[in-house]
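One structure is given below, encoded as structure tokens.
The values are calculated or read from the model by the stated rules, or taken from the named source; none is laboratory data. From a predicted model like this one, the values you see are computed outputs, not experimental measurements. Cβ placement follows ideal geometry from the backbone for every residue including glycine, while neighbour counts extend to all protein chains displayed.
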Amino acid sequence: MRAPVRKAYVIRFFQLVTAKQLAEAERELQRIKEKIERTEWNHGYYRALQGMLLTRRNNNDQYSFFASLDQNDKHVFQNARRDFQERSESRLYADYDRGYFSAWAEYMRVLMKMQKTAMLTSITKATPAAVQASQPQQAASAASIANPTSQTSLANWQEKQTPTKNIEPLL
């Protein structure tokens, strides 16, 4: 696969566009433009990047591809990436088009990685302190059940566990 410029510039551009940091994304796009070779494939790739930036800037376009993306569904990204990848590799398309589709396939790949990273980050943010804070309450409840003469007896514990509202049975 032909890379128009160093992937780091392009990945940074994708991250900035996704975060809607459009001024910085525009500067990154300018760097990419300065370093890109002048070929049809690269021209299509660059135009796709430019279109992504313009679409994000014009936020009210309900028909844009961005509007149809469900950020929480990884299958949407996988299917879109597969489609763009197939088009970028097809000899039925001109070099310009294959470059264009390659940019979109790469963007879908980056979005999937960003989604996975965000998921892992949210899982690891359940800090041990939060887990430890809930453990003393669980330990106290367990101790009161095991030892009814402790400060909180079994009856008090059961009273805390029952709902406060009287629920009428449905017949």
**Message:** For the range 20-33, check the following and say yes or no: at least one residue is surrounded by fewer than 17 Cβ atoms within 10 Å (Cβ to Cβ), on the phi > 0 side of the Ramachandran plot, among the basic types (Lys, Arg) and not in a helix (DSSP H, G or I).
**Reply:** yes
**Asked** Among all residue pairs at least 6 apart or on different chains, which show Cβ distances below 8 Å where the first residue, located in the range 47-73, is more than 26 Å from ILE36 (Cα to Cα) and the second is among the aromatic types (Phe, Trp, Tyr) and at pLDDT 65 or above?
**Response** LEU69/PHE77
**Prompt:** Just wondering, is there one or more residues in the range 107-117 that are touching a Gly at 6+ places or on another chain (Cβ under 6 Å) and either modelled with pLDDT of 95 or more or of a type in the set (S, T, N, Q) (or both)?
**Reply:** no
**Asked** From the residues in the range 70-96 that are farther than 20 Å from TYR45 by Cβ and part of a loop (DSSP other than H, G, I, E, B), which one is modelled with the highest pLDDT?
**Response** ASP73
**Message:** Name the residue that is nearest to LYS33 (Cα to Cα), counting only residues in the range 82-116 that are surrounded by fewer than 16 Cβ atoms within 10 Å (Cβ to Cβ) and among the charged types (D, E, K, R).
**Reply:** ASP95
